[in-house]
1. Does GLY45 qualify as being free of Cβ contacts under 8 Å to residues at least 40 places away in the same chain and at positive phi?
2. Based on this model, can you work out whether ILE39 counts as in contact with a Cys (Cβ under 6 Å, 6 or more places away or on another chain) and assigned to a strand (DSSP E or B)?
3. Quick one: in the stretch 13-66, of everything that is aliphatic (A, V, I, L, M) and farther than 13 Å from ALA84 by Cα, which residue is surrounded by the most Cβ atoms within 10 Å (Cβ to Cβ)?
4. Can you list residue pairs whose Cβ atoms sit under 8 Å apart, with the first residue in the stretch 64-93 being farther than 13 Å from ALA21 by Cβ and the second being assigned to a loop (DSSP other than H, G, I, E, B) and among the aromatic types (Phe, Trp, Tyr)? Count only pairs 6 or more apart in sequence or on different chains.
5. Which residue pairs have Cβ atoms under 7 Å apart, sit 6 or more places apart or on different chains, and have a first residue in the stretch 8-21 that is farther than 9 Å from VAL88 by Cβ and polar (S, T, N, Q) and a second that is modelled with pLDDT of 90 or more and surrounded by fewer than 16 Cβ atoms within 10 Å (Cβ to Cβ)?
Amino acid sequence: MHYGITQPPVGNVEVLISVYAPGQGTGGPDYTHGDSQEICIVQRGCLRITVNGENHDLRAGDSIEYRTSSTHAILNVGPETAEAVWIVTPPSTGVGRTVAIPPTA
């Protein structure tokens, strides 16, 4: 599940929070979208991020950046829920992945 921190209309930077249950992921060996710079900072759990076929196991506090035109996939390989903050510039279009965070009272 992806939650948008930046609300429409999004300018030059998009910030998202993603939550992945154990075994859950997105993307795949042929997955790309646009040509943006994507930065991921893992907040909790363990995510395997595969970029151009190379695996990177990230834990809380670790980060990675890559172009979204590179093939990439994300998978929670840990036993607990994983959470990550994503910064994308310019924002990717047509990904259909964002749910706005509801306002709090």
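1. Criteria met by GLY45.
2. Answer is no for this residue.
3. VAL51
4. Pairs found: THR71/TYR31; HIS72/TYR31; ALA73/TYR31.
5. Listed pairs, sorted by first residue: ASN12/THR89; ASN12/PRO90.
The values are calculated or read from the model by the stated rules, or taken from the named source; none is laboratory data. Remember, it's a predicted structure, so these values are computed and weren't measured experimentally. Cβ sites come from the backbone with ideal geometry, for glycine too, and all protein chains shown count toward neighbours.
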